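The values are calculated or read from the model by the stated rules, or taken from the named source; none is laboratory data. What you see is a predicted model, and the numbers here were worked out from it, not measured in a lab. Here Cβ is always computed from backbone atoms with ideal geometry, including for glycine, and neighbour counts include all displayed protein chains. Ligands, DNA and RNA are stripped out before the accessible areas are found, and what is left, the full protein with its side chains, is counted by its heavy atoms. Shrake-Rupley method; radii C 1.70, N 1.55, O 1.52, S 1.80 Å.
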Amino acid sequence: MQPTFSRCRRRCARISKVRSSRAEAVLRVVLAREPRNPQVLANLVTVLDAAGKLTEARAVAAALAQIEPDPPFAHLRRGIAAMQAGDARGARDWLLLELTRAPDDPEVHFWLAMAYLRLGDGAHARAHLTLAVTNSTTQPDHDLYAAKLATIDRAR
């Protein structure tokens, strides 16, 4: 007998549910030993959310926010949002905060360069784009940042 699509889909859903419940069980064991571990809490939020346990996910997310009010990349996200809202000065300030957390992150340097460009500070823009190129870990990112840097250099 050939398996039907709906039968396969139901089986996959059961497997996914079993894995999700196992992941939740493991995370809860680790959390019992390390109740203030932000990575475990963040992973548990993800698992609970995927399992549709939204009330529990929100409670764990609230506990995580108490432990880590400024999670990694929060300042980066705020900086990007400020750039998109046209607030280059605010973006620069958020991105400089993120830079203290992740001084080698090429994306932070890229967005800082964009903020400095909008503020008319070409020297800082060039410096941060150079760091973005230097610190990039993938060829596509390297090429993107290098192209932007070349554009700045041509405009000088």
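Values as computed for the structure displayed
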| item | result |
| --- | --- |
| Cα-centre dipole for the stretch 27-156 with unit charges at Cβ (Lys and Arg positive, Asp and Glu negative), debye to 20 | 180 debye |
| Alpha-carbon centroid distance for the pair the stretch 23-68 / the stretch 102-138, whole angstrom | 34 Å |
| Angle between the chain longest axis and helix 88-101 axis [Cα atoms, degrees, rounded to 10] | 60 degrees |
| Where the chain is the region considered: accessible area per residue in Å², 1.4 Å probe | 65 Å² |
| Acute angle (nearest 10 degrees) that the helix 139-155 long axis makes with the longest principal axis of the chain, alpha-carbon atoms | 20 degrees |
| Scaled radius of gyration (Cα, divided by 2.2 N^0.38 Å) that the stretch 11-95 gives | 1.41 |
| Crossing angle, helix 5-33 versus the chain [Cα axis fit, 0-90 degrees, rounded to tens] | 80 degrees |
| Accessible-area composition of the stretch 66-145, carbon plus sulfur, in percent [1.4 Å probe] | 55 percent |
| Residue 101 paired with residue 49, simple spin-label distance in nm, labels 7 Å along Cα-to-beta-carbon | 1.5 nm |
| Mean Cβ neighbour count within 10 Å, used as a protection proxy, ranking 72-84, 109-121 highest first | 109-121, 72-84 |
| Pairwise label distance in nanometres, residue 147 with residue 21, each label 7 Å out on the Cα-Cβ vector | 4.9 nm |
| By average C-beta atoms within 10 angstrom, highest first, the peptides 48-59, 91-102 | 91-102, 48-59 |
| Prolate/oblate/rounded call for the stretch 71-156, Cα gyration tensor, a/c under 1.5 rounded | oblate |
